[in-house]
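This report concerns only the one structure given below.
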């Protein structure tokens, strides 16, 4: 086992934040081309797939490894770092501890045994024909607004008027956010509508808020997929969120 | 019933904040000249009268309506809005729901039945001869300083020296803030002194903090009245606060 | 008894913050040359010695007094003050109340009876040969980083490589911060290493964070001494912290 990489603190934090929106631990795979992880939350409602190409790093060298990461702990430790720090990650031969160093600091972090962490889920094979691409902060704002009146939200595409809509129905109040053609970067004309838990979307929304563009893929009573780039285009995140049953 | 109005998010928030300092719901009256409300807190200690002239709106059209407003809910919903958003308020014919829209968002907010809300109080007919006009932030600062040592504060005018004073007596400590003639915009020479609960004043103080000028009217062991303009002069707030009995 | 002094709010707050990191009350001594206090925390683990020369004040006049200060209360009261306020402190003849005034505010604060406060500790006579001088914010950053993985930290000097190090061992993780010769303002070559509680260091660290230079004095399993100037060089603080026993 070998890993030696140097990375901007910003990119490392962005990646950890994206993962920690869903899970507290994960299996991190590294090989000569970069890093990746795929994990499902404990309730089996949401999945994250994250990859960082070796180009996302200042320098990167790795054999094929599987590391057990305590994401919650990483978040605490890397929260201390300044935004312009360069971080060196190193996995010694025995592979039980990750060495992290920057600016005179040297951490030794015990890794988890990957076998104690849930196996990587298989990416489900689903067809989500509805597509809309819009700014992550617009998406996040609508999620926040909806969560004031309800705990679930419908996302849909109205093909007749080429509208993407987010709609939340509370006990007494209702909120609807429509995005016309001129407010999104792309929209197709495939009808779509599914209901989702705002609990999950709020955490994902905070991460997507920083993305210039998020591609949302939708079906009818189907999961939603949110895809966006991180690390200046050298990393990619995909959230998959199962729908809730719409009560009549 | 009909209402259709457009207003700056800022002005709407300022008005809701002023009301929510005292009550969680109120009867809002609208007619062709604007909006107004008058409400008393549950303990009958403080009253707010608020009015917004139609000039406070970008556009305003209304028949004579009485709307039951859940102020606490409004505060949550409008807390989401950006400060430069233009908000459209609309009351459809049936009058049970208020439609609010801005920037692609459309809310439908169920109104309360006005008959379930306390009747508007009559404005009491009291003579408060002492008058001082000063900056709202100075007033708020003195309220905050007093609340460190006590839970009540005396407000008074010393006619001999033309001083407005705020004085709080704690168990062991004492604080007094005097405003000389040169620190206030106006003061008359009518002796006044009454004791008030800081609980109420702290909430009012946060609202008054933004007012360039607050007119304070005082008597001897009488209520205090705090009057100030909002909405760039096109709105007005009056707080009336009952005195506490001064223990010897 | 007499005391009449004028001081910048900033300097007063800085001094109160330094004391309140360790104790909630203290005996404050004043005489014609300035003010000073020395106090030990309730667990007898840490001591503070603080002095303010009369040059730290805009004006200063005092007889020899001993004042019983409720530091926690002072912190609340002076937290209200703006950073450029000039504060007048005055002790009337009877000496039971301290009068504090600034910008139209007049406080009267009841002092504690000095006899109810622990006697001033004697400064212990200990030899701490290891010395390093570095920026207070670097010191504080290392303390904060260590507290993520552990509740204790070792401070030491490695004479062979002229390194000052801070090292914390958690249950599973380890962090080490080394300061080379070029990162400190001064270091001598006296071997030193002792273990300290991060509980205390975190509170001290927040105060030291503002100091341009902190002189750290160390021994082997001995207390640590942290000395730094406040009030633009006209005040001085010394923290003394007892070591913890290093478990094997």
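The values are calculated or read from the model by the stated rules, or taken from the named source; none is laboratory data. On a predicted model such as this, the values are computed, not experimentally measured, just so you know. Note that we place each Cβ from the backbone using ideal geometry, even for glycine, and neighbour counts take in every protein chain shown.
How about region C:14-37: which of its residues are surrounded by fewer than 19 Cβ atoms within 10 Å (Cβ to Cβ) and assigned to a strand (DSSP E or B)?
Selection gives C:29, C:31, C:36.
Tally time: how many residues in region A:169-194 are more than 10 Å from chain B (Cβ to nearest Cβ) and either closer than 17 Å to residue B:98 by Cβ or part of a loop (DSSP other than H, G, I, E, B) (or both)?
The qualifying residues number 6.
Is it fair to say residue B:163 is within 14 Å of chain A (Cβ to nearest Cβ) and buried (at least 17 other Cβ atoms within 10 Å of the Cβ)?
no
Yes/no matrix, rows are residues, columns are (1) surrounded by 13 or more Cβ atoms within 10 Å (Cβ to Cβ); (2) in the same structural domain as residue A:26 (by TED's automatic domain parsing); (3) more than 16 Å from residue A:60 (Cα to Cα); (4) modelled with pLDDT of 95 or more:
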site: A:92; (1), (2), (3), (4): yes, yes, no, no
site: A:96; (1), (2), (3), (4): yes, yes, yes, no
site: A:101; (1), (2), (3), (4): yes, yes, no, no
site: A:121; (1), (2), (3), (4): yes, no, yes, no
site: A:124; (1), (2), (3), (4): no, no, yes, no
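Would you say residue B:50 is surrounded by 15 or more Cβ atoms within 10 Å (Cβ to Cβ), away from chain A (no Cβ under 14 Å) and part of a strand (DSSP E or B)?
Against the criterion (surrounded by 15 or more Cβ atoms within 10 Å (Cβ to Cβ), away from chain A (no Cβ under 14 Å) and part of a strand (DSSP E or B)), residue B:50 qualifies.
Applying the selection to region A:62-99, what residues are facing another protein chain (nearest Cβ under 9 Å) and either assigned to a strand (DSSP E or B) or at positive phi (or both)?
Those that are facing another protein chain (nearest Cβ under 9 Å) and either assigned to a strand (DSSP E or B) or at positive phi (or both): A:70, A:97.
Does residue A:148 fit the bill of being touching a strand residue (DSSP E or B) at 6+ places or on another chain (Cβ under 9 Å), more than 10 Å from chain C (Cβ to nearest Cβ) and either surrounded by 14 or more Cβ atoms within 10 Å (Cβ to Cβ) or part of a helix (DSSP H, G or I) (or both)?
So residue A:148 fits the description; yes.
How many residues does region A:102-117 contain that are more than 9 Å from chain C (Cβ to nearest Cβ) and outside any loop (DSSP other than H, G, I, E, B)?
5
When you scan region B:204-214, do you find a residue that is touching a residue at least 12 places away in the same chain (Cβ under 8 Å) and either in a strand (DSSP E or B) or more than 30 Å from residue B:55 (Cα to Cα) (or both), even just one?
yes
Taking the conditions exactly as written (in contact (Cβ under 8 Å) with a residue 40 or more places away in the chain and over 22 Å from residue A:124 (Cα atoms)), does residue A:33 satisfy them or not?
For residue A:33, the condition - in contact (Cβ under 8 Å) with a residue 40 or more places away in the chain and over 22 Å from residue A:124 (Cα atoms) - is not met.
Condition first: within 14 Å of another protein chain (Cβ to nearest Cβ) and part of a helix (DSSP H, G or I). Now tell me which residues in region B:125-144 satisfy that.
Matches in region B:125-144: B:137, B:138, B:139, B:140, B:141, B:142, B:143, B:144.
I want to confirm something. Restricting to region C:38-47 and keeping residues that are in contact (Cβ under 8 Å) with a residue 60 or more places away in the chain and not in a strand (DSSP E or B), which single residue is nearest to the chain's Cα centre (by Cα)?
Here the answer is C:41.
Can you tell me which of B:75, B:64, B:4 is surrounded by fewer than 16 Cβ atoms within 10 Å (Cβ to Cβ), within 25 Å of residue A:149 (Cα to Cα) and over 20 Å from the mean Cα position of the chain (by Cα)?
Just one listed residue meets the conditions, B:4.
Suppose we filter region B:227-246 for residues that are part of a strand (DSSP E or B) and in contact (Cβ under 8 Å) with a residue 60 or more places away in the chain; how many remain?
Qualifying residue count for the region: 10.
With the requirement that a residue be assigned to a helix (DSSP H, G or I) and touching a strand residue (DSSP E or B) at 6+ places or on another chain (Cβ under 9 Å), what does region A:1-13 give you?
If the condition is that a residue be assigned to a helix (DSSP H, G or I) and touching a strand residue (DSSP E or B) at 6+ places or on another chain (Cβ under 9 Å), then A:9, A:11, A:12 are the ones that fit.
Evaluate the following for residue C:210: is it within 19 Å of residue C:24 (Cβ to Cβ), in the same structural domain as residue C:144 (by TED's automatic domain parsing) and surrounded by fewer than 17 Cβ atoms within 10 Å (Cβ to Cβ)?
no
Tell me yes or no: at least one residue of region C:103-110 is surrounded by fewer than 19 Cβ atoms within 10 Å (Cβ to Cβ), at negative phi, in contact with a strand residue (DSSP E or B) (Cβ under 7 Å, 6 or more places away or on another chain) and not assigned by TED's automatic domain parsing to the domain that holds residue C:200.
Within region C:103-110, one or more residues are surrounded by fewer than 19 Cβ atoms within 10 Å (Cβ to Cβ), at negative phi, in contact with a strand residue (DSSP E or B) (Cβ under 7 Å, 6 or more places away or on another chain) and not assigned by TED's automatic domain parsing to the domain that holds residue C:200.
Write out, first by first residue and then by second, each pair whose Cβ atoms fall under 9 Å of each other, whose residues are 6+ apart or on separate chains, and whose first residue, in region B:157-184, is outside the structural domain of residue B:217 (by TED's automatic domain parsing) while the second is surrounded by 14 or more Cβ atoms within 10 Å (Cβ to Cβ) and at pLDDT 95 or above.
Filtered contacts from region B:157-184: no entries.
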